[in-house]
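First the structure, in the form of structure tokens, and then the observations on it.
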Number of protein chains: 2
Amino acid sequence: MVLSLPENAFIDPSGHNQAQISSLLKATADQILDYLSSAATHPPLPELDPLPLATIPDQPGDLAELLAPLQRIMTQSMNPAHPGYIGHMDPLPTTASLLGDWVAAALNNNMLSVEMSPALSRLEPQLMAEIAQMFGLGERSGGLLVSGGSLANLQALTVARNLKLNCLDQGLIGQVPPVILASEMAHTSIQKAAMVLGLGRQGVIPVAADAQGQMHPEALENCLQACLRAGQRPFAVVATAGTTVTGSIDPLLAIHRLARSYNLWFHVDAAYGGALIFSPDQSYRLEGIHLADSITFNPQKWLYVTKTCASVLFRDMTWLQDHFRISAPYMNDLADWTNLGEIALQGTRHGDSLKLWLALQHLGKAGYAALIETSYDLTRSMVDYIDQRSHLTLACTPAMNLVCFRSCPRALPESQWDRWNSHLQKELLKAGQVFLSLPWWRGQRWLKAVLLNPYTTKEHIGQWFELIDTLSVSVGTDLGV
Amino acid sequence: MVLSLPENAFIDPSGHNQAQISSLLKATADQILDYLSSAATHPPLPELDPLPLATIPDQPGDLAELLAPLQRIMTQSMNPAHPGYIGHMDPLPTTASLLGDWVAAALNNNMLSVEMSPALSRLEPQLMAEIAQMFGLGERSGGLLVSGGSLANLQALTVARNLKLNCLDQGLIGQVPPVILASEMAHTSIQKAAMVLGLGRQGVIPVAADAQGQMHPEALENCLQACLRAGQRPFAVVATAGTTVTGSIDPLLAIHRLARSYNLWFHVDAAYGGALIFSPDQSYRLEGIHLADSITFNPQKWLYVTKTCASVLFRDMTWLQDHFRISAPYMNDLADWTNLGEIALQGTRHGDSLKLWLALQHLGKAGYAALIETSYDLTRSMVDYIDQRSHLTLACTPAMNLVCFRSCPRALPESQWDRWNSHLQKELLKAGQVFLSLPWWRGQRWLKAVLLNPYTTKEHIGQWFELIDTLSVSVGTDLGV
């Protein structure tokens, strides 16, 4: 071991510092557990305070003494374990996924190649193939784990572009201007993908959505016709199963029919909604998803797996070999297994399959079904509270466990409603320990709830609406109107 | 809590299952530590065995009972903690980075936005700005953590393309064919980036390297002239500081001079070699890196931080605002801090800054300098053993802690040398518990060592060469020649 380094800099592979490391690991595990086991007593979203120890020191420090500044960072973090944390699609993680992630970090294997992760590079494709089958993608299907949904969409659309425009080797120069069609409600990562792929930010044609936030098939066909008239080449359509703000699901069957007749790649961004495949009661909402060429599905959301755990599924995994693969000559070939870094956007990658595998083994399909169905139950309860209040408006009928609403009090001029809802959001957090997010949607401020937390109860929801009632009494005064 | 779920499915935020979870966390921590503390007794790279529990169960299971199959996955994994694991740029992680990663997983914050990671979204830019300053990139510089070096290169080249070709909105259609120049020894992720960016796999022009594996400035200028004659638009040159197979460093100053006179973006892929900035003795090797427009630098390699921890640094962070940014209207704006998901390839992202911060706090700059200088010492020792043996040839003089060599025994015809080195690699692993990788380089098989492990000693190296001597005695017989 290198002199002048702390004795506990690394875990000695011959066990010489095991006792010392053991107390550090346990102190850290205790600190983590104490914090998470009292998460309900910390605010769902803390105030910003200065961060500790912002500069890199010259000399080594004492790791045990660093646990105090670490604690300060913990208490300044987003707190999704709080039953009132309902602002975003960010859940508290399952115990199994946390443990799986701890082991993956300790193993420090690399998903770049089979040689660098002999177990996990086999576990991942097995797991992905099984999940692709659950979506009904068929025998040649499979997928990749990627570090976040934006990468899943980017990888899917890269393969789509390379295959449909045959541009793996030569690129886009000389092509008819290619475009992607997606709902005006699609996630911004679609536009980001188009920009990265060389189509420009204007390479995504926004298709109008209806009152329920769902892409309008007729509008899609009109857009396709307009593209063709403008001399563009539409090569892919993205349907969304679970839009970011309202959780709406585009009509997959109708979109697929148009995709087929216009020779488009059919990608379904089910980053959020893909989890419904685990619920026998709710999976009907994804009807048509089995017809997708590719699907984005993120277990880091409604499957409660620690971040990141996102995936992109393909109807035919040979497409990645033929229309994406970049070989790495510094890697050994292993006959039966693919070096995943050669067919993925990422090379070096964390072993996310381990936590997904452990979480699925622990909760089983039935456990996830129960979680999903419970959050539908909470959603119905929340919708009831909103329906009972004339000043509250739903953005649309929830298709999932997202409830997007706003307060439109007659005591205020309409021009003040955005300001009023911003005020309400802040007050709910301060006085009620409930964090709703405050998205822009169709040009207005809305309050958004994502009912993921299994410790959120109907009683909590009742209390929040009581608070909304109380705050609403003094609406004009509070805003100084 | 949802009925029909195991009681320990989540950590109860009100503490009702704390005792139960505590024993699980401790059992897992013990299992991890027992494994890593005996890593020297497991092979550096295990044989492939069938994986346990490959399918997703219908019903929930017992998490404590899942620790046994988890153990089987651990023992089938790459074992970089073994002092004989010297095959790839994949280190054992520092204790602090491991603990930081455990905390980050438990917090499950999201680097997409400040609201989703109020502490870590501020910690990351602070840390990145300080590291960018260490590289001498100046006052407007900073960077992003990304999930792996391929993404770092992709992000840098996306910004380069958008800025140099002014194609953020309109894309590439109608442009003169753009190309990137990089050494023939550059990492395959450069080619992958070109493909994703719409330049095609042929969008990278390989520049010849000299005998030391360094890009030839004269060859670069010839390539640039040839591109212009061919009607192409070279817009970026990639220099490598630490090539994958030999750890060579391209001549940064000379490449920068050409980049400036041809109006090219100057990217330095210092994924591996960037760590030298921490060593007062060795940082001279990076001379000229302060002139880069962007740098890839991966603490997951020579800074021993758990995967993934990669970064891309920019001379001017406003470039990301002006030539990359995609806004997310569902996020709150916070005046002083940027939502990192808007200026990065990734949206949702794991909080990698925490482990980097903790690792740097623990070891300090001096600790990393000691680690780097120690591995140079091991490198000199290994080179001595090679020089003493007439049948062993170095690919080139190591510029870092990579030693790439092969055995060229006169007893065998040259046509058998690839086979012989493959044989040697296997036997060294089997009989000597040392894992060297076996890359292709200039059309031949080589043995590659990366001397990262701080528990590797000169005694180990001596034993390996004794074994090479023993194996070489019977060279003809063993190969059946």
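What do you get for trypsin sites (Lys or Arg not before Pro) in segment B:82-176 restricted to DSSP loop and a cutoff of at most 16 other Cβ within 10 Å of the site's Cβ?
Details: sites: B:ARG122, B:ARG140, B:ARG161, B:LYS164; in loops: B:ARG140.
Hits after loop and neighbour filter: B:ARG140.
Under 8 Å for C-alpha pairs, at least 6 residues apart: give me the relative contact order for segment A:102-360, rounded to a whole percent. Let's see the in-between values first.
Numbers: 513 pairs, mean separation 75.5, N = 259.
Relative contact order of segment A:102-360: 29 percent.
With its label point defined 7 Å out from Cα along the Cα-to-Cβ axis, B:SER390 lies at 10.3 nm from the matching points of the other copies, in increasing order. Within chain B, what percent of beta bridges assigned by DSSP are antiparallel, to the nearest 5? That works out to approximately 55 percent antiparallel. Considering only B:LEU67, B:SER38, A:PRO91, and ranking their Cα positions along the charge dipole of the protein assembly as shown that arises from unit charges at the beta-carbon of Lys, Arg, Asp and Glu, the one farthest toward the positive end is A:PRO91.
A straight chain from B:ALA411 to B:SER14 at 0.36 nm per residue would run longer than the Cα-Cα distance by 135.6 nm.
Summing +1 for each Lys or Arg and -1 for each Asp or Glu among the other residues whose beta-carbon sits under 10 angstrom from that of B:ASN153 gives 0.
Set the Förster radius R0 to 41 Å, insert the Cβ-Cβ distance between B:ASP336 and A:GLU373 as r into 1/(1 + (r/R0)^6), and round the FRET efficiency to 0.05.
Efficiency computed from Cβ-Cβ geometry: 0.45.
Taking the DSSP beta bridges with both ends in segment A:102-360, the antiparallel portion is around 40 percent.
Using 0.36 nm per residue, how much length does the chain from B:SER38 to B:LEU228 gain when fully extended, once their Cα-Cα distance is taken away? It would help to have the intermediate numbers written out before the result.
Values: separation 190, 0.36 × 190 = 68.40 nm, distance 5.81 nm.
Computed gain between B:SER38 and B:LEU228 is 62.6 nm.
About the Cα centre of segment B:301-429, how large is the charge dipole given +1 on each Lys and Arg Cβ and -1 on each Asp and Glu Cβ? Please answer in debye to the nearest 20.
It comes to approximately 420 debye.
Taking Cα centre as origin and charging only the Cβ of basic (Lys, Arg, +1) and acidic (Asp, Glu, -1) residues, the dipole magnitude of segment A:102-360 rounds to 440 debye. Label separation (B:ASP30 vs A:GLN212): 5.4 nm, computed from points 7 Å beyond Cα along the C-beta direction. Straight-line reach from A:LYS164: which aspartates and glutamates have Cα under 14 Å away, leaving out those fewer than 8 places along the same chain? The reachable aspartates and glutamates, counting only those whose Cα sits under 14 Å from A:LYS164, are A:ASP293, A:ASP322.
Sort shortest first the distances from A:ASP336 to its counterpart in every other copy, using label points 7 Å along the Cα-to-beta-carbon line, and give them in nm. Here the equivalent label points are 5.7 nm apart from this one.
Quick one: net charge of A:GLY273's neighbours, Cβ under 11 Å, K/R +1, D/E -1? Show your work: numbers first, answer last.
Values: positive: A:ARG285, A:LYS301; negative: A:ASP250, A:ASP269.
Taking every Cβ under 11 Å from that of A:GLY273, the sum is 0.
Computed from label points 7 Å out along Cα-Cβ, the spacing between B:GLU7 and B:SER474 is 6.1 nm. Cross-link pairs exceeding 19 Å between alpha carbons, from the set A:LYS192/A:LYS426; A:LYS307/A:LYS355; A:LYS301/A:LYS355; B:LYS301/B:LYS458; A:LYS355/B:LYS26: A:LYS192/A:LYS426; B:LYS301/B:LYS458.
Please report how far the C-alpha centroid of segment B:257-303 lies from that of segment A:223-297, rounded to the nearest whole angstrom. If we compute the Cα centre of each part, the gap is 43 Å. Looking at segment A:228-324, none of the chymotrypsin sites (Phe, Trp or Tyr not before Pro) sits in a DSSP loop with at most 15 other Cβ atoms within 10 Å of its own Cβ.
So how strong a dipole does the protein assembly as shown carry about its Cα centre when Lys and Arg Cβ are +1 and Asp and Glu Cβ are -1, to the nearest 20 debye?
Working: 62 positive and 84 negative charges, 443 e Å.
So the magnitude is around 2120 debye.
Think of the protein assembly as shown as having a plus end and a minus end, set by charges on the Cβ of Lys, Arg, Asp and Glu; of B:GLN20, B:LEU137, A:LEU378, B:LEU137 sits farthest toward the positive end of this dipole. Ligands, DNA and RNA are left out, and with a 1.4 angstrom probe the accessible area of the protein assembly as shown is 31 Å² per residue.
Considering only DSSP states other than H, G, I, E and B, which GluC sites (Glu not before Pro) in segment B:20-125 qualify as loop sites with at most 16 other Cβ atoms within 10 Å? Could you put the intermediate results ahead of the total?
Working: sites: B:GLU47, B:GLU65, B:GLU115; in loops: B:GLU47, B:GLU115.
Sites meeting the loop and neighbour criteria: B:GLU47.
Counting Lys and Arg as +1 and Asp and Glu as -1 over every other residue whose Cβ lies under 13 Å from the Cβ of A:TRP441, the net charge comes to +2. Of the solvent-accessible surface of segment B:102-360, computed with a 1.4 Å probe over protein heavy atoms with every protein chain present, carbon and sulfur atoms account for 48 percent. Taking all Cα pairs closer than 8 Å and separated by 6 or more residues, the relative contact order of chain A comes to 20 percent.
Could you let me know the centre-to-centre spacing of segment B:172-194 and segment B:308-331, using Cα atoms, in angstrom? Computed from Cα coordinates, the inter-centre distance equals 21 Å. Sorted shortest first, the distances from the A:LEU48 label point to those of the same residue in the other copies are 5.0 nm; each point sits 7 Å from Cα along Cα-to-Cβ. Computed from label points 7 Å out along Cα-Cβ, the spacing between A:SER390 and A:GLU184 is 3.0 nm. Inter-part distance, segment B:362-432 to segment B:98-171, computed on C-alpha centroids, equals 35 Å. Considering only beta bridges that DSSP places wholly inside segment B:251-351, some 60 percent are antiparallel.
The values are calculated or read from the model by the stated rules, or taken from the named source; none is laboratory data. A quick note: this is a predicted structure, and the numbers were derived from the prediction, not measured. Don't worry about glycine lacking a Cβ; one is built from the backbone with ideal geometry, like all the others, and counts go over all protein chains shown. These accessible areas exclude ligands, DNA and RNA; they are computed on the full protein's heavy atoms, side chains included. Shrake-Rupley method; radii C 1.70, N 1.55, O 1.52, S 1.80 Å.
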